[in-house]
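So the structure is just underneath, and the comments pick up after that.
Rule-based calculations on the coordinates, nothing more; no lab input. Predicted model only: the values in this text are computed from it and were never measured. Cβ placement follows ideal geometry from the backbone for every residue including glycine, while neighbour counts extend to all protein chains displayed.
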């Protein structure tokens, strides 16, 4: 007898180990445990094991849900149509007393001929949700096959589950909107769910996150669909929006024409003591995301945002301005060394000579543009060499800080280039407010 009792206890322990506890949630593909409970409107009590062989649909509802109450007649009709092939069960969290009171007050609401569980805690724990209606689909073997919205409870879908032990429906996975005084929580929820299609916003300065510009590419389409600018000036925002992803050089002051009563909001003051106040009023964070299908309109969308938010008119015009133009001195250039490419142009070091051996000319050109920009020379550098090969170049590091334009021209001459000043028709950013 004692031995038999030990075996029984072991079996019960094993079964209890396999079945989820009341505190665990259940998911698609799992077996629903046996569960018995009193019902609001029928006797005897409902026990899930007695429903084996039927499709079970647990329909969570609430007395404040108009869609739930409107579906009662549909629920009643479906139950009568399929008879003992299915069992629909209505479940709510509200107490039995409050549920009875609701129906006493609303006497015209006709209750469906299905079991109704009131004051439930177990099923709501197994199938957590934020919004009703919320439907759980269980096949004839007690396996959870779908978790859906209430509108999915239709004759077609019930027949599909009866005939194939599966039903192809979108998963309803509720999330709580994390609302704040300044946000509804929809943006965060859509981002988490991966359903965000379009979004743009401006904020003021956000300290402690640096200042960066990021252009992101959608991994599936390979198209640019997001721009993120952190703590940028209005002028920087305009340069990105109208710079055509770097194809239009707007880095130099003589490429910018600002027609405004107050230029101070475009340029940070010289005195660092005034920066904190200026930053708080004139730095902005901006984020834009478009659907990859509309990636061609990414910059145009940003331009529209700038016009609306800052109330400015911006356009690119072609004007004659003074430029530094790099041209070939001769038809043939000094040949590059046939060596392993090496360079210290981008390295901060104490080496007296900056050099580049057998590196692409475009890399060298980028270095020159940065040197000119950092030296405060207001003229753009234009490349009219037509050269696309590799290059060797050396210059004294002291002649770069600040940039000695005369020596730079002499050094370029040694390698077959001329750097000349010339009026050239080029793109200019015009800003009016």
P(r), alpha carbons of region 108-254 - 10 Å bins starting at zero, rounded %: 8, 22, 24, 16, 13, 11, 4, 1, 0
Listed values (i) 70, 33, 15; (ii) 112, 19, 18; (iii) 72, 27, 20, entry calculated as semi-axes √(5λ) of the Cα gyration tensor in Å: (iii)
Additional length obtainable on full extension of the chain from residue 420 to residue 339, 0.36 nm per residue less Cα span: 26.1 nm
Estimated distance in nm for a label pair at residue 141 and residue 309, the labels positioned 7 Å out from Cα along Cα-to-Cβ: 5.5
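At 1.002 mPa s and 20 °C, plugging the Kirkwood radius over alpha-carbon pairs of region 210-349 into Stokes-Einstein gives what diffusion coefficient in µm²/s? Mind dumping the intermediate values first?
Details: Rh = 18.5 Å.
Answer, rounded: 116 µm²/s.
Quick one: which of 405-417, 197-209 comes out on top by average Cβ neighbours within 10 Å, and what's the full order, highest first? Walk me through the numbers on the way to the answer.
Working: 405-417: 15.5, 197-209: 12.2.
For the peptides 405-417, 197-209, the packing ranking is 405-417, 197-209.
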0 to 90° range, to nearest 10: angle between helix 155-164 axis and the chain longest Cα axis: 80
Area projected by the alpha carbon convex hull of region 203-287, averaged over all directions, nm²: 6.9
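Which order do the peptides 157-165, 85-93, 102-110 come out in when sorted by mean C-beta neighbours inside 10 angstrom, highest first? Provide the component values of the computation, followed by the final result.
On the way: 157-165: 15.7, 85-93: 21.1, 102-110: 10.4.
Listed from highest to lowest mean packing, they are 85-93, 157-165, 102-110.
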Exposure proxy order (Cβ contacts within 10 Å, fewest to most) of 286, 357: 357, 286
From the C-alpha gyration tensor of region 345-433, square roots of 5λ in Å: 24, 17, 13
On Cα atoms only, tilt of 2-18 relative to the major axis of the chain in degrees: 40
Region 274-408: Cα Rg divided by the 2.2 N^0.38 Å rule of thumb: 1.45
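For the chain, what is the relative contact order in percent, using Cα pairs closer than 8 Å and at least 6 residues apart in sequence?
Working: 698 pairs, mean separation 56.9, N = 433.
Rounded, it is 13 percent for the chain.
When the Kirkwood radius is taken over all Cα pairs of region 151-225, what Stokes-Einstein diffusion coefficient follows at 4 °C and 1.567 mPa s, in µm²/s? Before the final figure, lay out the partial values.
Working: Rh = 17.1 Å.
For these conditions, the coefficient is 76 µm²/s.
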Mean Cβ neighbour count within 10 Å, used as a protection proxy, ranking 111-121, 275-285 highest first: 111-121, 275-285
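Apply 1/(1 + (r/R0)^6) to the Cβ-Cβ distance of residue 122 and residue 156, taking R0 = 41 Å, and write down the FRET efficiency to the nearest 0.05. Walk me through the intermediate numbers first.
On the way: r = 30 Å, r/R0 = 0.74.
My answer for the efficiency is 0.85.
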Helix-only mean residue ellipticity at 222 nm for the chain, each DSSP H run of n ≥ 4 adding -39500 (n - 2.57), per residue, nearest 500: -8000 deg cm²/dmol
Percentage relative contact order, region 21-164, counting C-alpha pairs under 8 Å, at least six apart: 34
Rounded to 10°, Cα long-axis angle of helix 72-82 versus longest principal axis of the chain: 70
Spin-label pair residue 50/residue 293, simplified geometry with 7 Å Cα→Cβ offset, distance in nm: 5.2
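Set the Förster radius R0 to 35 Å, insert the Cβ-Cβ distance between residue 277 and residue 348 as r into 1/(1 + (r/R0)^6), and round the FRET efficiency to 0.05. Could the numbers behind the result be given before it?
Numbers: r = 32 Å, r/R0 = 0.92.
Working from the Cβ atoms, E equals 0.65.
More than 21 Å apart: what percent of Cα pairs in region 21-164 qualify? The partial results should precede the final answer.
On the way: 3896 of 10296 pairs.
It works out to 38 percent of all Cα pairs.
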Gained length - residue 129 relative to residue 187, 0.36 nm times residue gap less alpha-carbon distance: 18.9 nm
